[in-house]
Amino acid sequence: MQIAFTDTRLGMPKPVKMQFAHYVEGGAPAIELICADEDDFGEHWLTATVNVPGIPQGCVAVKNYSEGEGLPELLRSAGVIEGEPLKHIASGYVSIPVFRLTTGALQALEEARAG
C-alpha cells in the first residue's frame, strides 16, 4: 500500500510518498518522506519520526520541531496517524508527541518489513 500526499507546510507544495522502515536500535517504526515530483523524484524530503525509548507497539514518535513543525497535522490528514498524542517523550530540549498509527499505515509498515 503506497501512501502519497502533498506537503504544504513550507509555502511550496511538495508531492511526497511515504517510505516505512524500522529503526535498527529498538525496532520502532520509522517514516521517511520521499519526493514524488518530476524535479526531485526519489530524493529524501525529511524524516518524519524520531527514535526514542518508550514508544508503544503500533505507535510512532513524530518529529514536531525544526523542519518537522506541523507534521502531526499533516500525517493525521494523510491518514497515517490518528487522534491526539498518547503521550509525550522528553528528548533534549523538546517534547516529542507519540501517536497511534492508522490501520492503513500499520499495513504499509508490515508490507515494508516483509520486503
Taking alpha-carbon centroids only, the range 79-115 lies from the range 1-68 a number of Å equal to 10
At a Förster radius of 25 Å, what calculated FRET efficiency corresponds to the Cβ-Cβ distance of residue 57 and residue 95, to the nearest 0.05?
-> 0.75
Report, in debye and to the nearest 20, how large the dipole of the range 4-114 comes out about its Cα centre when Lys and Arg carry +1 and Asp and Glu carry -1 on their Cβ.
-> 460
Listed residues 80, 24, 16; largest mean-square fluctuation, Gaussian network over the chain with Cα springs below 10 Å, found at 24
Checked the chain with the C-alpha gyration tensor, a ≥ b ≥ c its square-rooted eigenvalues, rounded below a/c of 1.5, otherwise prolate if a/b is larger than b/c and oblate if not; verdict oblate
Tell me, in nm to one decimal, what length is gained between residue 9 and residue 32 on full extension, where the rule is 0.36 nm per residue of separation less the Cα-Cα distance?
-> 6.7 nm
When a footprinting reagent is the concern and you count Cβ atoms within 10 Å, what order do 87, 14 take, fewest first?
-> 87, 14
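FYI, it's all coordinate maths here, none of it is from the lab. Just so it is clear, the model here is predicted, and its values are computed rather than measured. Positions of Cβ are backbone-derived with ideal geometry, glycine not excepted, and every protein chain shown enters the neighbour counts.
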